[in-house]
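So the structure is just underneath, and the comments pick up after that.
The values are calculated or read from the model by the stated rules, or taken from the named source; none is laboratory data. Because the structure is a prediction, the values reported are computed rather than measured. With ideal geometry, Cβ positions are generated from the backbone for all residues, glycine too; neighbour counts draw on all protein chains shown.
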Amino acid sequence: MNAATAVTSVLYFCLAGLCEIGGGYLVWLWLREGKPIVYGLWGAIILVIYGVIPTLQPAHFGRVYAAYGGVFIVLSIMWGWKVDHIAPDRFDLIGGAVALVGVAIIMYWPRT
């Protein structure tokens, strides 16, 4: 995989993660926090978009979704920090770093 493809892949992972977490958060606000149904509807639309984005990745389904799990971990920690104001502790940071190492190995390690 060349550098441009890898950068594009990382951007797709980030976009998918923001759609999944953001869409899920809107549904959460609707169902758990009593926000209007429009929150849930927008959340559902964003979650459908999330379902499409991984299809743009340059790998097969299983590999993409396995690697995406690591990206989701890190983005969830960041979301909690910035949106819910729960700062990550050192174990969150260490775990997130380990997850990203796994993503790099799964998606970007050269294969013969």
query: Taking the stretch 6-32 on its own, how many of its residues are of a type in the set (S, T, N, Q) and either surrounded by 16 or more Cβ atoms within 10 Å (Cβ to Cβ) or at pLDDT below 95 (or both)?
result: 1
statement: Over the stretch 51-80, the set of residues surrounded by 18 or more Cβ atoms within 10 Å (Cβ to Cβ) and over 11 Å from the mean Cα position of the chain (by Cα) is 57, 64
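With 48, 38, 83 as the choices, which residue is surrounded by fewer than 16 Cβ atoms within 10 Å (Cβ to Cβ), among the hydrophobic types (A, V, I, L, M, F, W, C), at pLDDT below 95 and more than 23 Å from residue 6 (Cβ to Cβ)? So that I can check it myself, show each step before the final result.
Working: 48 fails: at pLDDT below 95; 38 fails: at pLDDT below 95.
Within the list 48, 38, 83, the selection yields 83.
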statement: Given (1) in contact (Cβ under 8 Å) with a residue 24 or more places away in the chain; (2) assigned to a helix (DSSP H, G or I), residue 44 misses just (1)
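Give the number of residues within the stretch 67-87 that are small (Gly, Ala, Ser) and part of a loop (DSSP other than H, G, I, E, B). Write out each step before concluding.
Going residue by residue through the stretch 67-87, those that are small (Gly, Ala, Ser) are 67, 69-70, 76, 80, 87.
Add one more test, that the residue is part of a loop (DSSP other than H, G, I, E, B), and what stays is 87.
Summing the residues that are small (Gly, Ala, Ser) and part of a loop (DSSP other than H, G, I, E, B) in the stretch 67-87 gives 1.
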task: May I ask you to list pairs of residues, at least six apart or on different chains, whose Cβ atoms are under 6 Å apart, with the first in the stretch 23-36 being under 16 Å from residue 79 (Cβ atoms) and the second being among the aliphatic types (A, V, I, L, M) and assigned to a helix (DSSP H, G or I)?
output: 23/46; 23/47
